[in-house]
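Right, one structure below, let's go through it.
No lab work stands behind these numbers, since they all come straight from the coordinates. No experiment lies behind these values; they were computed from the predicted model shown. Because the Cβ atoms are built from the backbone with ideal geometry, glycine has one as well, and the counts that use them run over all protein chains shown.
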Amino acid sequence: MPAVGISIVNVVATATLDRSVDLASLPRLFPRFICYDQKKYFAAYFKSDKMQGKVSIFSSGKMISVGTKSPEEAKREIALVASHLEHAGIAKIKGRAKIRNIVATANLGF
């Protein structure tokens, strides 16, 4: 009989910046970390080797973290992106990241 268990497969977290963001400027500022093609998607993706998931940055200043396996990791990735944006003088995070969704799978043993 297989072992019973639950495992988290995706955590979604959101955060808000203190102002809107010019997405077209992000690839020039962060060429190794930003993917932005407005024809494909209306947000920029921030992804680095230090990250498990990726963070979407919207022109409104909203950010969404997806692809992490724990709430702590999702919040850490939001904080990492916010830190990069703040150091570049683009925007600061307002408040804290909020966990919005956790997707898990379960093996019930049958």
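Some points to look at:
- Reported count of residues in the range 71-99, each being part of a strand (DSSP E or B) and touching a helix residue (DSSP H, G or I) at 6+ places or on another chain (Cβ under 8 Å), is 4.
- Filter result for VAL55 (exposed (fewer than 14 other Cβ atoms within 10 Å of the Cβ) and β-branched (Val, Ile, Thr)): no
- Test: LYS40 is out of contact with any strand residue (DSSP E or B) (no Cβ under 6 Å at 6 or more places or on another chain) and over 16 Å from ALA97 (Cα atoms): yes
- Listed by first and then second residue, the pairs with beta-carbon distance under 8 Å, at least 6 apart or on different chains, first residue in the range 71-97 and without any contact (Cβ under 8 Å) to a residue 60 or more places away in the chain, second in a loop (DSSP other than H, G, I, E, B) and of a type in the set (Phe, Trp, Tyr), are HIS84/PHE30; HIS84/PHE33; ALA88/PHE30.
- Test: ILE102 is aliphatic (A, V, I, L, M), over 28 Å from ILE6 (Cα atoms) and not in a helix (DSSP H, G or I): no
- Those strands (runs of 3 or more DSSP E) lying entirely in the range 1-70 with at least 1 residues polar (S, T, N, Q): 5-17, 54-58, 62-68
- Of all residues in the range 60-94, exactly one satisfies the criterion of being within 12 Å of ALA13 (Cβ to Cβ) and either loosely packed, with under 13 Cβ neighbours inside 10 Å or more than 14 Å from the chain's Cα centre (by Cα) (or both), namely GLU72.
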